[in-house]
Each structure stands twice: as C-alpha cells, then as structure tokens.
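See below for the structure under consideration.
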Amino acid sequence: MVKTGKILFIVLSLLLILMLALAGFLSPSWLFSPVYIGIYLLYALSSLLAAVLVPGFLRKTLHLLLALLIAGVVAEKSFNERRIIPMGEGGPYRILTPGDTLDVTLLDFTMTRRGPEGAVEYESRLSVNSEDTVSVRVNRPFSRGRMRLYQSEHRLLTPYYICLESDTLKLFAGQNGTLQGACLCFRGYDPGRERAEIRYNEVPFYLPVEKEQRFMEQDLYIYPGEPEIGTVLEYVEVRGHRILIMIAVMVVLTLIYAVVKRK
C-alpha cells in the first residue's frame, strides 16, 4: 500500500509539472479550467495519502504542507474575482478595483509571430489613468495592488457611433467618452431589449439603435460600425496569495531542514 501511494504521488507530480509547463507555454487560460482544478485536487489528495503512509515525521510534514499548498491554489483559483474585458482602441474603460478606480485606455494591440512557423505573441499597450503606459503580454500581466490584468485573446468587436446633433462619438462596449460636454458610457447593445445601454451620470438609458430619438433635449442617433480587431483582457482580483506564499516558504524550509539533518 505504501509503495502504491508513493508511485501514485510520483506519477501525479510528474503529470502536474508537465501539464503546467505545457499550459504556461501554449495557453495560460487552461490553468483555470475544470480539468486542471481536478488535477490539483488529485495531487492534494495523493499528498494527504502520502502523509499518512510514508514513514518519518519530516516526510509527513512535507506532504501535509504540499497538500495544503495545492488546496490553497485550488481555493484561490476558485474564489478570486475574474471577469473578461474586451477592449477596442479609443476612449477609456473604467475598472473598479479594491479601493481604487482605474481608467484604462487601449493605445494599440499587436500580434507578432516568432519565426516563420512560431507561436503568435499578443501584446496590448495600455494607458492607465492617463499617466502610466504599460504593456500586457501572455504571462506578463499588469499588476496594481490585488488587481491583475492578463492578456487573454483577441476578437472582432463592433463599435457604435453616437450622434448628437452635429457631433459624433465612437465607442466600444464599456468605453467612456464626452459628447458635447456630457460624459457618456456605452455599456453595450442588449439583443433582448433591442436597445443600446448608455449611462449618463451613472443613470442607465436604453435607447433604440438606427432610429432617431430625443435625448438631453437634442436629436440622438445610434448606429453600429464595421467590426474591428480588439484585445481581450482578463481582470483578476487576487485573494489569499500571502497565505500561499507563507505555506510555500514553510515547504522550502522543511526541505532544507530535511537535507541538513540527513547530512
């Protein structure tokens, strides 16, 4: 039984390392899939099994800490707040973060191929609060406090043109802009209502598309434009990472102590 537990632990360890390496290179979004969550839980279970079966206090402690570490990773990936933010070039996107509000503007989005048949690298260059210019790539997120912005993918996004009398404002869903002194936020097109949602002073207005109407005592007209390539970022609010760091430090210290004691 002890031998079977050790073999299971070694096989799962090698499988986890291999799959983490492949996911990090090919598609980091895989790390949050149900398949990977299942692998993490199996690894934690095998660590707990090893903690019961293997002899020696240090080995039991090490496997128990590993089980806690993997269980903590699962909890962090399960409970961290995540949301997808599609972004087109133009006005700012307002992102509410813990204790802060960020106005993030996409300056440009590029796709670079590594060699003739190499992988394509996506990069979003962003302006944050009209002050900092940052670059977001795969595995190179933008961090501020507990907030992370990851490069996720790219897709076609449809802009909408908001015409108020003689002025026109082009906005993608989620963008803010100023039209004749009025700060507007275009929340997107709602197919169910067959309306575009416009927020003015944080008050939502659901307005028909491609139909003239009165808004702010003026004639308003909204119509969709041609789809354009935009970036897709993933917002993550990290929670519990300090506890994971503490457990990881305890694992390393236990390993060092075990090596020194053996000598």
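Just a few scattered comments:
- Take the Cβ atoms of Tyr161 and Asn201, set R0 to 25 Å, and the FRET efficiency comes out at 0.70.
- Karplus-derived HN-Hα couplings along region 160-172 (A = 6.51, B = -1.76, C = 1.60, θ = phi - 60°), whole Hz, x at Gly and Pro: 10, 9, 10, 9, 10, 6, 9, 9, 10, 10, 9, 9, 8
- Once both labels are positioned 7 Å from their Cα atoms along Cα-to-Cβ, the gap between Ile84 and Arg114 label points is 2.5 nm.
- Separation in nanometres of the label points that stand 7 Å from Cα toward Cβ, at Leu15 and Glu153: 2.7
- For region 81-173, carbon and sulfur atoms together expose 45% of the accessible surface, with a 1.4 angstrom probe and every protein chain in place.
- Electrostatic bookkeeping for Leu207 treats Lys and Arg as +1 and Asp and Glu as -1; over the other residues with beta carbon under 14 Å from its beta carbon, the sum is 0.
- Computed from phi, the 3J(HN,Hα) profile of region 133-143 under the Karplus parametrisation 6.51, -1.76, 1.60 (θ = phi - 60°) reads 10, 10, 10, 10, 10, 4, 6, 10, x, 8, 10 Hz, with x in place of Gly and Pro.
- Between the C-alpha center of region 158-220 and that of region 131-156 there is a gap of 28 Å.
The values are calculated or read from the model by the stated rules, or taken from the named source; none is laboratory data. All values reported here derive from a predicted model rather than from experimental measurement. Cβ atoms come from the backbone with ideal geometry, glycine included; neighbour counts cover every protein chain shown. Remember, those area values only see protein heavy atoms, side chains included, never the ligands or the DNA or RNA. Shrake-Rupley method; radii C 1.70, N 1.55, O 1.52, S 1.80 Å.
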